[in-house]
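Notes follow the structure.
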Amino acid sequence: MKTISRLAMILVTVTATAAFAKEEPKDPTVKARTDLMKTVGQNMKVLGDMAGEKAAFDAAAATAAKDALAAAFAEVPAKFEPQATDPASEAKPEIWTNWDDFVSKASKAQEAAAAIDASSLPTLQAGIGVAGGTCKACHTDYRM
Ligand code: HEC
């Protein structure tokens, strides 16, 4: 029950993000990092839909999604390092003043994604809660 309600919150967050989708950034550096986050969001949605039983559980698809999620997080430091700005960006300037903490949050997210056991529905449901917490931890501090 606890996992499910947390999961519901994550799904609400992901959906709300999509509903407020705004203009695409024009700066190519900013667009590269928002595209990376879109990849994160898409793979999290695949996992979230299965975990929330909105989509049929498929171990191979879930494993591919969690691998893609972990791979995307591995690219976060390189994609965010240049402090580019764009009116459409939601990145807070604290990313670059607290860079080590930002990178550490990205690495925790990567570990949580890699640790998801996507071989069964109950283990996916357990793992996605942890991964979802890492989105919130970073967005709270570093996303407008
Ligand atoms: C290490 C920090 C960090 C982690 C972890 C993180 N995000 Fe983000 N995310 C950001 C930042 C910063 C932005 C804003 C980037 C910008 O607009 O320049 C963002 C933006 C987004 C966006 C909007 C992309 C767009 O189109 O503008 C989505 C969707 C998103 N994140 C989903 C997620 C999900 C889902 C997770 C967890 C599975 C997650 N993020 C984990 C830092 C993080």
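Please compute the length gained on full extension between Ala114 and Trp99, using 0.36 nm multiplied by the number of residues separating them and subtracting their Cα-Cα distance.
Between Ala114 and Trp99, full extension yields an extra 3.2 nm.
Need the list of aspartates and glutamates near Lys31 for cross-linking: C-alpha distance under 17 angstrom, and skip anything on the same chain fewer than eight residues off.
Glu23, Glu75, Glu81, Asp86, Glu90
Name the residues whose placed amide hydrogens come within less than 5 Å of the amide hydrogen of Ala91, ignoring near sequence neighbours (fewer than 5 apart) on the same chain.
Hits under the 5 Å cutoff: Met144.
Rg over Rh of segment 27-142, using C-alpha atoms and the Kirkwood radius, what does it come to?
Ratio of gyration radius to Kirkwood radius: 1.00.
What distance in nm lies between label points placed 7 Å from Cα along the C-beta direction at Ala56 and Thr85?
Rounded to a tenth, the inter-label distance reads 5.1 nm.
Report the gain in length on full extension from Gln42 to Ala78: 0.36 nm times residue separation, minus Cα-Cα distance, nm rounded to one decimal.
Working it through step by step, the gained length comes to 10.9 nm.
Coordinate-derived values only; no laboratory data. No experiment lies behind these values; they were computed from the predicted model shown. Neighbour counts are summed over all protein chains in view; Cβ atoms, including those assigned to glycine, are modelled from backbone coordinates with ideal geometry.
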